[in-house]
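Rule-based calculations on the coordinates, nothing more; no lab input. What you are looking at is a predicted structure, and each value in this text was computed from that prediction instead of being measured. Glycine also receives a Cβ, built like all others from the backbone with ideal geometry; neighbour counts cover every protein chain displayed.
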Amino acid sequence: MNCLYRIFDATGLTHHQRTGLMIFTILLVTSGCGRQQDDSVIRLTFWHAWGGYEGKFLEELVGEFNNTHPQIQVKPAFFIIGDKLMAAIAGGIPPDIATVWDWMLPTMGEAGCFIPLNDYLQRAELGPEDYLPNVWEYGMFSDKKYGVPTALNVWMIFYNKGLFTEAGLDAESPPGDIDSLRECAARLTRRDDAGKLERIGFIPEFQYSYIWMWNFGGDLYDRHTRQFLIDSPQNVEAMNWIASLYREYGMDNYRRFVATFGEYDSPNNPFYREKLAMREDGQWQISFIQRNAPDLDYGLIPFVSTVPNQKSQSAMTGSFWVIPQGCRNADAAWTFLSWLISPAQSARFAATLYNVPPLRAALNDPAYADVYHSRMRIFIDFFLEGRARPLPALPIGQFFYNEFNNIMENICSGAVEPEKALPVLNHRLQGELDRSLRHLGITEENS
Amino acid sequence: MTRQERLHFKNGLLFASPWILGFCIFTLGPIVASFYYSLCSYNVVREPIFIGLENYRILLFEDPHFLKTLYNTLYMMVFGVPLSLVLAFSLAALLNTDVRFLSFFRTVFYLPSVVPVVAVAILWVWILNPEYGCINALLATLGVNSPGWLTDPAWSKPALILTNLWGVGNIMIIFLAGLQQVPQSLHEAALVDGANRLQRLWNITLPCISPVIFFNLIMGVIASFQYFTQVYIMTTGISPEYGGRAGGPEGSTLVYALYLYQHAFQHFQMGYASAMAWILFLISLAVIYVILKTSGWVHYAEER
Amino acid sequence: MPRKSNDRTWIYAALFAGSFLFFLPFWWMVISSLKTNHQIFTFPPDWFPWPIRWRNYLEALTFIPFLRYLWNTLIISAANTLGNVLSASLVAYSFSRIPWRGRDACFYLMLATMLLPPQVTMIPVFVIFRTLRLIDTFAPLIVPSFLGTSFFIFLLRQFFRGIPEALSEAARIDGCSEWQIYARIMMPLSITGLVTVVVFSFLWSWVDYLNPLIYLQSPEKFTLSLGLQQFQSSHALEWGMLMAASTLMVLPVVVLFFIAQRAFIRGIITGGLKG
């Protein structure tokens, strides 16, 4: 379900109340579960955000828990992550365990929506070493852990080997640096006689510009000083490079071309249909390709770095499970949650989703073996080498998202230049962060 | 007060009590509360923190999107409302000419305005698709180069206006009723004087229905300030994984109400959102005031 | 006369062209509901698809708990209609037939509230309902209509003003109480107006999106408007089913419109023109 993340990622929205154009629900909730409590049995509600076969599997897992833990019965329900959760918490009727996107965790957490899990984790003897690199700090703004990661994603560039061969390129040795990437992209692009795009070789999606910023040696934010670093020269260089690609294709052409794309999870996905020769995507795409286009001959490029002696990096994304404030029985909720994130269950869940489990122990679990030895290996090794990085955890997560994407889009369409736009963005984000910290009462002294 | 006056007062209040109660609970109280929130930083989960006029200061002087969203909203108003009125009036005028199948035409024009907003939005996103939608298919058969509609920042607002035009049935019906109230005698007198259709339209019909035009104008302006649901659904797009974002390509459809929503429900800044709501209220009051002041062209029947 | 028939040709031509354009999206919606996803995405589009896929309708009814949502929406709409008829008529009577001091001021105040953007009061109202622990119930969706809706009060006030004062005055002199005048004279004479309120109140509740969105949490309490969203699967949009569900949702309204055409139109007229 983490391609779901990609979708929300792209929109910069935390939920689709109004549009609701995203999620397919299998409503397994039976009518009005009473909030009355049996004396002997503790009943909890669990809001998750996975539909389809992924959701089904998760709910089966929950069923297993219920069978093995007669004292605690958990009722799962599908929901669209977003202000629904906020409204429930604000309305005083939150679920006992919920799911949130990674950028929402510090925002809602620092605002007081969730119960900190530090003590629980300590008692369960889970610490940074038990997790994959960078995962412990993932989603942590202050020193409080407001949630536990569910399953992780990482992004790479998928490329179509068939198209490479057709264009006279070596399909087995894909581009390893910026210039050859650009060159390949140019050779793979096709236009029709009228100049309309028929195939794009490669174009970075502007929402993921930050991956390129990292690979150009830049950074977004310094955790220790709480300062944004978006206007660094490396970032400007990265954005100039991306903007130049968009200039080549033309933003208008690009947009119209995008409007012709078929459904993401169908045989009409533009990557399968050869409308895109190379595409940034998450590792779940491996399973999607297996399902929708099993004959597709594809390869993987783990991004490229322009910094000498620095390997390429990519984005880590995912979701978190949280225990909202107002939960009726936090201890019982944690019992369920700790079971759910234990290596055995985590491995099975991540395997079904074709995601990466957060715990090292889960990687080695036999349930994950098939996935481990599939094409996922390159992603997993990427994680193990610490090359997967998350976006900075901020109490202004959605704000950051909207503003960032907004500026990135303007840069790519040529409306503004990176040299001018990035400092403005930096200033705005910094102002908002400082203000937000002041209001939250978090100052240098008490953070 | 005389005894009878007192009695009437008591009864009047009694009968009006549902509204009075509702007003106090759902209007007056919330207005005061909302103003207070606008002076605070408030995320609904914790208590509001008083910060004075900071929200207003940031909104009016530091927020780069404020002017853009106002522009978008005013654009929709300045172009959308007159176009709707003209189309609705034209249709009504056509229908008022003693045509057969009146019922049929009236139904076809009116029905779209009762289709739920969600359905309209989703339907029109599809219709306006630059490659597959039927609008561009139609234009293609006429040999016209088709614009990018919702994918093009220059055409996204016109696309929204077009979608709204589909729902002018409501306004048309009002115009139709108004037209039917124009006294036949006036038309006959004009005919005797040799006036043609257009002259009659300009000199008789329009002045007679000017109150109706005025009403529709005010209603349209009010609606355009609060315009939200449709644009939200349409610009978030059916395929967001390909970059569709609320507020359209490059913020070209980020209307004020949508930006307000983002602050309230995505950034959890209810205080800031409340400040935005108040500014919106003040601006819409100002605009309505201007319209009222310049409404000398409205002729009420009593004055004839 | 040649000129006249020329005119008429133009008029008919314009009307038919207009009807064609207005009807096109409807047609699109209906035929999309009868196609598979694959057919919908073909270009140039298929205006008269064959074979017809009625299955979309069946699947739409089972994909989401359509009947349950239908039931919820019906309950809410019916309750709102009742509430509006009762409250609006009572208040309208007060504003039109009882000469009490401050009446007109209140009336204009009510009109002024129609200018208020809903965003201003949205959050505090939510907080009110939260304090009363009424989130995730139908109460926030129904209670306001029992406390008067400005538009309907306005509408019925106009209607009541159209009834000759002499009638109510005579009754008053005869010693009737206000309640008797209201119930025995005003209401029966305003059937058209009341029908209008019924029709519009029902319609607005039927298609309401905002309020169910904010106040309903549990999926089993959702209304049809919310339910329509659920056809967007995470990876694919079930266009066919979505269009089928949309058509199904519009159908009762269309039927209602045909039945109550006169009332619809009368109501819009009176609400818009007089006073």
So the pair-distance distribution of region B:171-280, from every Cα-Cα distance in 10 Å bins, comes to percents of 13, 27, 19, 16, 15, 9, 2
How would you rank C:145-155, B:41-51, highest first, on the average number of other Cβ atoms within 10 Å across their residues?
C:145-155, B:41-51
I want the local charge near A:P174. Using Cβ-Cβ distances under 12 Å, sum +1 for each Lys or Arg and -1 for each Asp or Glu among the other residues.
-3
Mind sorting A:C184, C:C176 by how few other Cβ atoms lie within 10 Å of their own Cβ, fewest first?
C:C176, A:C184
For chain C, the longest principal axis of the Cα atoms and the Cα long axis of helix C:2-32 enclose an angle in degrees, to the nearest 10, of 70
Taking a ≥ b ≥ c as the square roots of the Cα gyration tensor eigenvalues, with a/c under 1.5 meaning rounded and otherwise prolate when a/b beats b/c, else oblate, which class fits the protein assembly as shown?
prolate
Mind ordering A:207-214, C:242-249, C:166-173 by average Cβ neighbours within 10 Å, highest first?
C:242-249, A:207-214, C:166-173
Please get the size of the charge dipole for the protein assembly as shown, origin at its Cα centre, with Cβ charges of +1 on Lys and Arg and -1 on Asp and Glu, quoted in debye to the nearest 20.
3880
Given charges of +1 on the Cβ of Lys and Arg and -1 on the Cβ of Asp and Glu, with all other atoms neutral, how large is the dipole of chain B about its Cα centre, in debye to the nearest 20?
600
Average partner chain C-beta neighbours within 10 Å, per residue of B:42-53?
4
Any chance you could give the angle, 0 to 90 degrees and rounded to 10, that helix A:418-440 forms with the longest Cα principal axis of chain A?
10
Using modelled backbone amide H atoms (1.01 Å from N, in-plane), which distant-in-sequence or interchain residues come within less than 5 Å of A:Y131's amide H?
A:R360
Just name one of C:F48, C:S77, C:V254: the one whose Cα is farthest towards the positive end of the charge dipole of chain C (beta-carbon charges, Lys/Arg +1, Asp/Glu -1).
C:V254
Pick out, from A:Q398, A:C327, B:C40, the residue whose Cα sits farthest towards the positive end of the charge dipole of the protein assembly as shown, with +1 on the Cβ of Lys and Arg and -1 on the Cβ of Asp and Glu.
B:C40
Looks like region A:346-447, by Cα gyration tensor root eigenvalues a ≥ b ≥ c and the a/c under 1.5 rounded cutoff (else prolate when a/b is bigger than b/c, oblate otherwise), is oblate
The size of the Cβ-based charge dipole (Lys, Arg +1; Asp, Glu -1) of region A:247-398 about the Cα centre, to the nearest 20 debye, is 240
Which shape class, rounded, prolate or oblate, goes with chain C when its Cα gyration tensor gives a ≥ b ≥ c as root eigenvalues, a/c under 1.5 marks rounded, and past that a/b bigger than b/c marks prolate?
oblate
Could you run the Debye sum over the Cα atoms of region A:207-346, one equal point scatterer each and no solvent, and tell me log10 of I(q)/I(0) at q = 0.13, 0.15, 0.16, 0.21 Å⁻¹, two decimals?
-0.89, -1.03, -1.08, -1.24
For residues of B:216-225, the mean tally of beta carbons on other chains within 10 Å:
1
Report Rg(Cα)/(2.2 N^0.38 Å) for region B:64-303, keeping two decimals.
1.16
For chain B, which DSSP H helices look membrane-span-like by this rule: Cα extent along the axis of 20 Å or more and mean Kyte-Doolittle of at least -0.5?
B:3-22, B:81-95, B:210-225, B:270-293
Distance from region B:1-51 to region A:295-363 (C-alpha centre basis), Å
50
Exercise: per-residue mean of other protein chain Cβ atoms within 10 Å, B:254-261:
2
Farthest toward the dipole's positive end in the protein assembly as shown, which of A:Y246, A:Y264, A:F383, given Cβ charges of +1 (Lys, Arg) and -1 (Asp, Glu) about the Cα centre?
A:Y264
Counting other beta carbons within 10 Å of each Cβ, put B:K10, A:K161 in order, fewest first.
B:K10, A:K161
